[in-house]
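The values are calculated or read from the model by the stated rules, or taken from the named source; none is laboratory data. Quantities reported herein were computed from a predicted structural model and do not represent experimental measurements. When we count neighbours, we look across all protein chains shown, and the Cβ atoms used for this are built from the backbone with ideal geometry, even at glycine. What goes into the accessible areas is simple: the full protein's heavy atoms, side chains included, and nothing from ligands, DNA or RNA. Shrake-Rupley method; radii C 1.70, N 1.55, O 1.52, S 1.80 Å.
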Amino acid sequence: MTRIVCKFGGSSVADAEQFRKIKNILHSNQERKIVVVSAPGKRNPQESKLTDLLYSTYDLASKNLNFAAPWKLIRERYVEITQDLSLQSSIGEEFDKLEKDLKKNPDKLSVDFLVSRGEYLCAKIMSEFLGAKFVDSYPLIQFDSQYNVTPQSYENIAEALSSKDALYVVPGFYGSDMQGNLKTFTRGGSDITGSILANACDCALYENWTDVSGLLMADPRIVENAYAISYVSYREIRELAYSGANVLHDDSIAPCRAKNIPINIKNTNSPGDHGTVIGPTPETTPRLITGIAGRKDFSMLYIEKSMMNKEKGFGRKVLAILEENGVSYELSPCGIDSMNIVVDSKTLQKVEKEVCKEIEQKMQPNKIKIFSNLALIATVGHGMVSQIGTAAKLFAALAKENINVRIIDQGSSEINIIIGVNEFDFEKAIRAIYGEFVS
Ligand code: ASP
């Protein structure tokens, strides 16, 4: 029998009612055998995610401040879920022990350990509720010194989840480093856990259950009634997620992609909806535009020097200065005597003076300038490779709305046209592109 990994995000495990929905979802398809959970999320917009409350608790405890307020909210939520589900679980004891450690010796607990308890306890409760086997991710997922998941992790997982008939529950978001310290992924990392499990167990499908019925062609806060995307390729989703489409952690694509395992984004509150399927590039005629995504908070470093094109190693040396100062770059459109480097504004701000000084000293430019308040917008679709006039249409739409385009970059992938505009034109530009290609 083929198996499906089902990862349930924070909103899907926010309360007992959501746990019951999950049970029904699992019962409706016998192939759903591997469950990954996040920590409970918000039940309403006023509430905090439990992961955020765990970070606050640690912050207070590590400064020897009173952490009772966030701790109480975390504890109450888990107790409420176990009581509502009439479980025998000894959740109170787990909390008593953690609280004692936090009070006595907060330095002995790492922030990653405390925060991981969000997923750990949720998985414990879920496994009891489902009558499933709990498998901890701590000994299975190992990070090397570069914070990459080791090949050994995949073998560990395949062995630990080897029974094809068993129902397993695994906490998302964490593993351990080579020294045995518990380590979390970056925020939203349970998506990565699910994808790694799907790969390791050669699953037929990775279902990522959330509170929306898939990905939309544009951010619904910007474009009203944006169409849903029913199918998107791994390459397209990678470009869209990187550019700001906020559905899956962008590192969660690679493990499934390596084995061509499709990912289906599904809605726990409306499980019958098709959602969005992410898979290999379709062989049939692809759509011209699959989606539009974007992000604000970029700056552009503009460097001008006459005869720059003849100066060997100019670009490499400038990028080395950025690297040494901990700044990674997003794009670098170049002219004959000029170079533009687009970087994240917050990172640059911290080292702006040092970077400019070093460029002045080492590269002797005629001019160096920083333009801030820049937004990048990616228009993504496999269809644009073969369609004459796509760029012309896009720029005509922007011109019609009087939007000044500061940067143009059609990636070598040819499935993405990236433009840079002033932040105040961001929303207007997305609406103009959507209007031109979609509605
Ligand atoms: N709970 C973690 C977070 O909020 C991980 C996850 O939900 O994927 O980032």
Segment 247-355 - percent relative contact order, Cα under 8 Å, separation 6 or more:
22
Please work out the average accessible area per residue across segment 292-401, using the 1.4 Å probe convention, and give it in Å².
53
The size of the Cβ-based charge dipole (Lys, Arg +1; Asp, Glu -1) of segment 158-300 about the Cα centre, to the nearest 20 debye, is 200
Please work out the FRET efficiency for the pair Lys100 and Asp202, using the Cβ-Cβ distance as r and a Förster radius of 45 Å; give the result to the nearest 0.05.
0.60
Quick check on the chain: helices-only [θ] at 222 nm, where DSSP H runs of length 4 and up contribute -39,500 (n - 2.57) each and the sum goes over total residues. Nearest 500, please.
-12000 deg cm²/dmol
Which far-off residues, 5 or more places away or on another chain, put their amide H under 5 Å from the one on Ala14, with H placed in the peptide plane?
Gly41
So which chymotrypsin sites (Phe, Trp or Tyr not before Pro) in segment 106-209 pass both tests, a DSSP loop state and at most 13 other Cβ atoms within 10 Å of the Cβ?
Tyr147
Using the structure shown, list the pairs from Lys305/Lys353; Lys103/Lys350; Lys7/Lys108; Lys63/Lys183 with a Cα-Cα distance above 29 Å, or answer none.
Lys103/Lys350; Lys7/Lys108
Roughly how big is segment 59-198's charge dipole about its Cα centre, with Cβ charges of +1 (Lys, Arg) and -1 (Asp, Glu), in debye to the nearest 20?
360
So which GluC sites (Glu not before Pro) in segment 278-340 end up in coil per DSSP with only 16 or fewer other C-beta atoms within 10 Å?
Glu283, Glu311
Dipole of the chain [Lys/Arg +1, Asp/Glu -1 at C-beta], most positive-end residue of Tyr302, Gly435, Ile377:
Tyr302
Filtering trypsin sites (Lys or Arg not before Pro) in segment 2-51 by DSSP loop and by at most 12 other Cβ atoms within 10 Å leaves none
Give me, ordered by chain and number, the residues 5 or more places off Val35 or on other chains with an amide H under 5 Å from its own placed amide H.
Cys6, Tyr168, Val169, Val170
Is any helix in the chain, taking whole DSSP H runs, at least 27 angstrom long along its axis by alpha carbon and on average at least 0.0 on the Kyte-Doolittle scale, and which ones?
111-130
If you roll a 1.4 Å probe over segment 169-227 with all protein chains in place, what percent of the accessible area is carbon or sulfur?
47
Carbon plus sulfur fraction of accessible area for segment 237-313, probe 1.4 Å, in percent
48
